[in-house]
Amino acid sequence: MTATFECRGLSKHFGATQALDGVNISIAPGRVVGLLGPNGSGKTTLIKLANGLLSPSEGEILICGSRPGPETKAVVSYLPDKTCMPQWMNAQQLMDFFQDFYGDFDRQRAEEMLGRLGLDQKQKLSQMSKGTKEKVQLIMVMSRKAKLYLLDEPIGGVDPATRDYILDTIIRNYDPEAVVIISTHLISDVEKVLDEVLFINQGKVTLQASVDDIRQQYGMSVDEYFREVFKC
Amino acid sequence: MLGKLIKHELRGSGRTMLPFILVSLFFSVMAGLSIRGLERQQDYGWFTVVFGIVIFLFVAGLMAVCIMSIVVVINRFRQNLLGDEGYLMFTLPVSVDEHIWSKLIVSFIWFAATFLTCMLAMVLMLVCNVDQFEVNWTEVGYVFSELGRALKNFGILHIVGYCLELLVMAFGSAGVTCLTFYCAMAIGYSFSNRKVLMSILAFIGIDILFTVLQSSVVMLLNNIPGVERFMENLDLSRVSAAGSVHIVLLGWILYLVVYAAVLYIPTRLLLKKKLNLP
């Protein structure tokens, strides 16, 4: 079976700074994976490479067997770690936009989620609070029936109630045949939804294991094990 | 996908451009009416102040439309592709070429709209200025029949050709202007810091580079043995006057295509390989 997400000897450097160093990863369909690592470990760089926002210095990254390009972007749903939706748009215009470009966008699902949020669909993003903007952005991303969801710090900088909403939205809406990669360092919050984890540090993947294996092998939660491994 | 990009780009930029266009057209009507009002006044008095303000607004409105057409070109590229929105735009299933072409086509549309707005504003001001605007259809018919006869004498194919060539030239000139900004911003925003400053420096650098390049090409051509002799031996007497205009226009188009290509290639390469989103 072709891996949904695969890296082969992937390296990326910015001048003298090595952001990723010979990364090898293979993730089969139907897994929810936590990309865990301290700040500056290379998580965002890896996600940007998968989205074609950066080009590898060495090695390659494959999405469903293809290098990032318009074809892979059609099957990847990406949530960046910042608000990237045009601020002048309202929720309806955003849905029009997503519907125009993504054949896998489920408008009905998006409308249902926006309805549950009690949001006025005519309200512009610029008039919304930061938390609401993030929720709207997440709704757009999770309303796609993508093969790969790349979620960069989806729960960073939001209150605990919003964190629960975000994680609930992710788990309720992703396609079971898809891969979900959640990049975060807030492990205790996401641990419950993960099947697998990837530890990344200083540009190198130091561990790829299932959550159950970590619990059995080390007798501790992923959060505790992470703290143990990355102890300063 | 290019059509969809153009549609959304028109929506995004139209929010800024359309109010300016409508306001400037409104002021042109007001200017025409105030001129008519001034002509009817016995004692000018306070009306001259109103007249002065309206004429100022009319001129300022037209200038604002022209300036905004350039500002929109720069700002849409910077904000939509190189700013936070770039995370959304560059993860759409479209190529970098489609992104650049959509921006170029929409910029051309706004340049054309700006030109038409200026023309329409003048016409509106004149029409509102006269008391009774009557069309003498006999005269209009005469003008058109004379125009038709002139076209027939000159050759309808030549005229159609000129129109197409001028349209391509207009698009090429607009494209070169936009691509100069795009290339400068693509260079400037590939740096980690001082992106705006680096873009301005890149813009100045591109301008100097092209001035030097153009001079060098002319000098080089002059010094290549045989080029001068070839030019002297060119027998242009066999080419009609209408044909020689085509040669000049096509030569200019070729120059614009080369100029645009030299700017397009690095812009595309930088957006594809050296994208540096914030």
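The values are calculated or read from the model by the stated rules, or taken from the named source; none is laboratory data. Everything numeric in this text was worked out from a predicted model, so none of it was measured. Here Cβ is always computed from backbone atoms with ideal geometry, including for glycine, and neighbour counts include all displayed protein chains.
Listing for the model above:
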read-out: Members of the stretch A:200-228 found to be exposed (fewer than 15 other Cβ atoms within 10 Å of the Cβ) and assigned to a helix (DSSP H, G or I), listed by number; value: A:212, A:213, A:216, A:217, A:218, A:227, A:228
read-out: Which numbered condition residue A:99 misses (of (1) away from chain B (no Cβ under 12 Å); (2) part of a helix (DSSP H, G or I)); value: (1)
read-out: Residue match in the stretch B:14-25 (condition: within 29 Å of residue B:196 (Cβ to Cβ), more than 20 Å from the chain's Cα centre (by Cα) and more than 14 Å from chain A (Cβ to nearest Cβ)); value: yes
read-out: Qualifying residue in the stretch B:80-96 (condition: of a type in the set (S, T, N, Q), surrounded by fewer than 20 Cβ atoms within 10 Å (Cβ to Cβ), within 14 Å of chain A (Cβ to nearest Cβ) and assigned to a helix (DSSP H, G or I)); value: no
read-out: Qualifying positions in the stretch A:81-96 - over 17 Å from residue A:150 (Cβ atoms) and at the interface with chain B (Cβ under 7 Å from one of its Cβ atoms); value: A:86, A:88
read-out: Test: residue A:131 is part of a helix (DSSP H, G or I), more than 25 Å from residue A:27 (Cβ to Cβ) and at pLDDT below 85; value: yes
read-out: Filtered residues of the stretch B:177-203 (kept if closer than 21 Å to residue B:257 by Cα and surrounded by fewer than 19 Cβ atoms within 10 Å (Cβ to Cβ)); value: B:177, B:203
read-out: Residue satisfying all of: in the stretch A:28-68; part of a helix (DSSP H, G or I) and touching a residue at least 24 places away in the same chain (Cβ under 8 Å); surrounded by the most Cβ atoms within 10 Å (Cβ to Cβ) among these; value: A:46
read-out: The one condition in (1) within 30 Å of residue A:48 (Cβ to Cβ); (2) away from chain A (no Cβ under 14 Å); (3) of a type outside the set (Lys, Arg); (4) exposed (fewer than 12 other Cβ atoms within 10 Å of the Cβ) that residue B:223 fails to fulfil; value: (1)
read-out: Residues satisfying the stated conditions in the stretch A:58-80, i.e. among the small types (Gly, Ala, Ser), touching a Lys or Arg at 6+ places or on another chain (Cβ under 9 Å) and either more than 19 Å from residue A:105 (Cα to Cα) or facing chain B (nearest Cβ under 8 Å) (or both); value: A:59
read-out: Residue within the stretch B:105-113 that is farther than 30 Å from residue B:55 by Cα, within 14 Å of chain A (Cβ to nearest Cβ) and either surrounded by fewer than 21 Cβ atoms within 10 Å (Cβ to Cβ) or out of contact with any strand residue (DSSP E or B) (no Cβ under 9 Å at 6 or more places or on another chain) (or both) present; value: no
read-out: Criterion (of a type in the set (Lys, Arg) and touching a residue at least 40 places away in the same chain (Cβ under 8 Å)) met by exactly one of B:78, B:40; value: B:78
read-out: Some residue of the stretch A:170-181 being surrounded by fewer than 22 Cβ atoms within 10 Å (Cβ to Cβ), at pLDDT 90 or above and outside any helix (DSSP H, G or I); value: yes
read-out: Unmet criterion (only one of (1) outside any loop (DSSP other than H, G, I, E, B); (2) in contact with a strand residue (DSSP E or B) (Cβ under 9 Å, 6 or more places away or on another chain); (3) more than 14 Å from chain B (Cβ to nearest Cβ); (4) of a type outside the set (A, V, I, L, M)) for residue A:122; value: (1)
read-out: Pick from the stretch A:182-199, criterion among the β-branched types (Val, Ile, Thr) and under 25 Å from residue A:75 (Cα atoms), ranking: surrounded by the fewest Cβ atoms within 10 Å (Cβ to Cβ); value: A:193
read-out: Lone unmet requirement of (1) surrounded by fewer than 20 Cβ atoms within 10 Å (Cβ to Cβ); (2) touching a residue at least 40 places away in the same chain (Cβ under 8 Å) for residue A:92; value: (2)
read-out: Odd one out for residue B:244 among (1) modelled with pLDDT of 85 or more; (2) surrounded by 11 or more Cβ atoms within 10 Å (Cβ to Cβ); (3) of a type in the set (Ser, Thr, Tyr); value: (1)
read-out: Filter result for residue B:40 (closer than 30 Å to residue B:192 by Cβ and not polar (S, T, N, Q)); value: no
read-out: Tabulated pairs, the stretch B:188-204, first closer than 16 Å to residue B:79 by Cα, second among the charged types (D, E, K, R), C-beta under 8 angstrom, 6+ apart or interchain; value: B:188/B:195; B:189/B:78; B:189/B:195; B:190/B:274
read-out: The lone exception for residue B:15 - which of (1) part of a helix (DSSP H, G or I); (2) closer than 30 Å to residue A:99 by Cα; (3) in contact (Cβ under 8 Å) with a residue 24 or more places away in the chain; (4) of a type in the set (D, E, K, R) it fails; value: (3)
read-out: Residue count, the stretch B:107-157 (criterion: outside the structural domain of residue B:20 (by TED's automatic domain parsing), part of a helix (DSSP H, G or I) and in contact (Cβ under 8 Å) with a residue 24 or more places away in the chain); value: 1
read-out: Qualifying residue in the stretch B:91-113 (condition: at pLDDT 90 or above and in contact with a Cys (Cβ under 6 Å, 6 or more places away or on another chain)); value: yes
read-out: Sole residue being in contact with a Cys (Cβ under 9 Å, 6 or more places away or on another chain) and within 14 Å of another protein chain (Cβ to nearest Cβ), chosen from A:16, A:3, A:50; value: A:50
